[in-house]
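See structure below.
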């Protein structure tokens, strides 16, 4: 498993150069459509369903908000904080820390912005067939079985 392969040093991820554009309404709409419902809100109390149910008004509000972040070049100060909630696993001693799992409640608006940027990053990079780690459907344990 520790052997050097010919391709190890010859391939590097390519990056396509394109100008940074403002976020488009179709990007926001696509992300909002994919967001899961019935998730706990962050500190603001805003959840995806609230934005989704307002239709075009909420989508345009999110578009303006996202473009404001891109234009200003920094995220809102509130997004630097989160709430960590402990949930009992249902087994083990309730007095032990290991009997709980932690969930970090993040702002749903932040998730919209993050997913738009993530989608753009995936469009900008070239991946190769030999890339397995952090790729959907290509776990590193799958690579061993090949």
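Each value in this text was obtained by applying a stated rule to the coordinates, not by laboratory testing. For clarity, every value in this text was computed on a predicted model and none was experimentally measured. When we count neighbours, we look across all protein chains shown, and the Cβ atoms used for this are built from the backbone with ideal geometry, even at glycine.
Odds and ends about this structure:
- Sorted by Cβ density within 10 Å, fewest first, the residues 66, 22: 22, 66
- Percent of Cα-Cα distances greater than 21 Å, calculated over the range 22-121: 42
- Sorting 112, 47, 85 by the number of Cβ atoms found within 10 Å of their own Cβ, with the fewest placed first, yields 85, 47, 112.
- Volume of the Cα convex hull of the range 46-105, divided per residue and given in Å³: 103
- Packing-based exposure ordering (other Cβ within 10 Å, fewest first) of 121, 116, 103: 121, 103, 116
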